[in-house]
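This report concerns only the one structure given below.
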Amino acid sequence: MSSLAPEIEEEAGRLGDPARAAQLRRYFREPVETYGLTAAQIRELSDRYYPRVKGDLEATISLAGTLLASGNLTLASVGLSILDRFRRRLEPRHMDIFDGWVDHLSNWATTDHLATHMIAAAVAGDHSQVDRLMEWTRSPSRWRRRAAAVSLVPLARRGLLVEEALSLSDTLMEDEDDMVQKGVGWLLKEASRTHPVEVRAHLQRWRTRAPALVLRIASEKLPKDQRVLKHRAQRFASC
């Protein structure tokens, strides 16, 4: 089924918009390859090629992996969007495959799509997979560390694995990479929807050491008088 990949690449190239591609690149600090398709065009390609995989999950995983490994943001988005249709059929055994895909991540958009859709589904089916995410927090790859946190976002939003989310965030609270900091802040913000007391206490413990960015994002859903932010003197001292 990965033979569909060249066909999808050709069609994406035909629909490509160089001017919009240039605009999209402004949202990324790192070099990003993209054809500049809109979200609607990506959905259209996904809709068009989904019937071609004929409900074959393993073939679709192969196709998505090929498109993701291309390093092209557009192609990765199309591949993952097709695989989204199979999300309820994803199992913990697929985690080994997704682990390999993380090596190909090179931007926050593809990282977050893979993490919040596919990896989160695998973790939901086997909570022991959190141990693997904990290992990722020690990776030299900023995208693997971000994926470790973001993969728990959909679960934490529903009030699941909150204790695990807090433990995982402990390993990343002093991470110096702002892409990782944003991922950790996002995770804690979602956890605060159902467990505000626990998250606030967690932030209080880290207040003096955690980056201001993590605290600000993590506190967004807390009542204004309950938010845990850096004191002015601390903010200026870190500048």
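Key figures
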quantity: Boolean, THR66 is buried (at least 17 other Cβ atoms within 10 Å of the Cβ) and either touching a Phe, Trp or Tyr at 6+ places or on another chain (Cβ under 7 Å) or at pLDDT below 95 (or both); calculated: no
quantity: Enumeration of residues in the range 157-213 that are of a type in the set (A, V, I, L, M), over 17 Å from SER139 (Cβ atoms) and outside any loop (DSSP other than H, G, I, E, B); calculated: VAL162, ALA165, LEU166, LEU188, ALA191, VAL197, VAL199, ALA201, LEU203, ALA212, LEU213
quantity: When residues of the range 146-162 are limited to those that are surrounded by fewer than 23 Cβ atoms within 10 Å (Cβ to Cβ) and of a type outside the set (A, V, I, L, M), the one nearest to TRP108 (Cα to Cα); calculated: PRO154
quantity: LEU114 vs. criteria at pLDDT 95 or above, out of contact with any strand residue (DSSP E or B) (no Cβ under 9 Å at 6 or more places or on another chain), in the same structural domain as TYR50 (by TED's automatic domain parsing) and under 30 Å from ASP47 (Cα atoms); calculated: no
quantity: Verdict on ARG200 being surrounded by fewer than 16 Cβ atoms within 10 Å (Cβ to Cβ) and closer than 20 Å to GLU163 by Cβ; calculated: no
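Yes/no matrix, rows are residues, columns are (1) part of a helix (DSSP H, G or I); (2) free of Cβ contacts under 8 Å to residues at least 24 places away in the same chain; (3) within 17 Å of GLU9 (Cβ to Cβ):
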{"position": "ALA22", "(1), (2), (3)": "yes, yes, no"}
{"position": "GLU30", "(1), (2), (3)": "no, no, no"}
{"position": "GLY36", "(1), (2), (3)": "no, no, yes"}
{"position": "ALA40", "(1), (2), (3)": "yes, yes, no"}
{"position": "LEU45", "(1), (2), (3)": "yes, no, yes"}
{"position": "THR60", "(1), (2), (3)": "yes, no, yes"}
{"position": "SER81", "(1), (2), (3)": "yes, no, yes"}
{"position": "TRP101", "(1), (2), (3)": "yes, no, no"}
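The values are calculated or read from the model by the stated rules, or taken from the named source; none is laboratory data. On a predicted model such as this, the values are computed, not experimentally measured, just so you know. As a convention, Cβ positions derive from the backbone with ideal geometry for all residues, glycine included, and neighbour counts pool all protein chains shown.
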